[in-house]
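**Q** There's a structure below that I have some questions on.
The values are calculated or read from the model by the stated rules, or taken from the named source; none is laboratory data. Just so you know, these numbers come straight off a predicted model, no measurement behind them. Positions of Cβ are generated from backbone atoms using ideal geometry, with glycine treated the same way; all protein chains shown enter the neighbour counts.
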Amino acid sequence: MTLARLSNSWLPAFPSWLDNFFEGNLADWNNSNFAGENSTLPAVNVKETENDFQLEVAAPGLKKDDFKINYNNGRLTISSEKEAKHEEKDGKVNRREFCYQSFQRSFYVPEKAIDADKIEAKYNDGILHVKLPKREELKPKPPKEIKIS
């Protein structure tokens, strides 16, 4: 089972950034880590356990209400949009700056692999944690001992 990242690229001539989390380098296009280049594209850690898949999205400065998480037809989409206002007054000079930040990350998750009704998310200390529980039939089972008669 693989969990892969999807790109919403608007330029079809550019390579698709469909990368496998467990066998390739996520977002390693021309050896660039977009989270380290003043981009609003957050870095994501993905971990697989016996019971679930876990995503950790680094998004400091946001609030839990700033996120939208959707799961539809095998695609998990995490997005955020935030408007930040900063105003300074100094004598007769009035300066106002607006800042809009947004991102959207999509991941392909085969519908047969997870229990979509039990997906959980929480936001704590700048990290969005998303748990995608595996279906019972996909969880590893202990070996069955067979008695000899």
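**Q** Step by step: first the residues of region 127-144, then only those that are surrounded by 10 or more Cβ atoms within 10 Å (Cβ to Cβ) and either over 21 Å from residue 55 (Cβ atoms) or among the aliphatic types (A, V, I, L, M) (or both), then the one that is modelled with the lowest pLDDT. Which residue is that?
**A** Looking only at region 127-144, we keep the residues that are surrounded by 10 or more Cβ atoms within 10 Å (Cβ to Cβ), and these are 127-135, 138-139.
Cutting the leftovers down to either over 21 Å from residue 55 (Cβ atoms) or among the aliphatic types (A, V, I, L, M) (or both) gives us 127-128, 130, 132, 138.
Numbers: 127: 95, 128: 96, 130: 97, 132: 95, 138: 81.
Within region 127-144, the match that is modelled with the lowest pLDDT is 138.
**Q** If you check residue 102 against the conditions, is it small (Gly, Ala, Ser), in a strand (DSSP E or B), in contact with a strand residue (DSSP E or B) (Cβ under 6 Å, 6 or more places away or on another chain) and at pLDDT below 90? Lay out the reasoning, then the answer.
**A** Numbers: small (Gly, Ala, Ser): yes; in a strand (DSSP E or B): yes; in contact with a strand residue (DSSP E or B) (Cβ under 6 Å, 6 or more places away or on another chain): yes; at pLDDT below 90: yes.
Yes.
**Q** Here's a follow-up. Is there any pair linking a residue in region 103-118 that is surrounded by fewer than 12 Cβ atoms within 10 Å (Cβ to Cβ) to one that is modelled with pLDDT under 90, with Cβ under 6 Å and at least six apart or on different chains, and which?
**A** none
**Q** Looking at 124, 94, can you tell me which residue is loosely packed, with under 12 Cβ neighbours inside 10 Å, at pLDDT 90 or above and not charged (D, E, K, R)?
**A** Numbers: 94 fails: at pLDDT 90 or above.
On inspection, the qualifying residue turns out to be 124.
**Q** Tally time: how many residues in region 125-139 are in a loop (DSSP other than H, G, I, E, B) and within 20 Å of residue 111 (Cβ to Cβ)?
**A** Looking only at region 125-139, we keep the residues that are in a loop (DSSP other than H, G, I, E, B), and these are 125-126, 135, 139.
Cutting the leftovers down to within 20 Å of residue 111 (Cβ to Cβ) gives us 135, 139.
Within region 125-139, residues that are in a loop (DSSP other than H, G, I, E, B) and within 20 Å of residue 111 (Cβ to Cβ) number 2.
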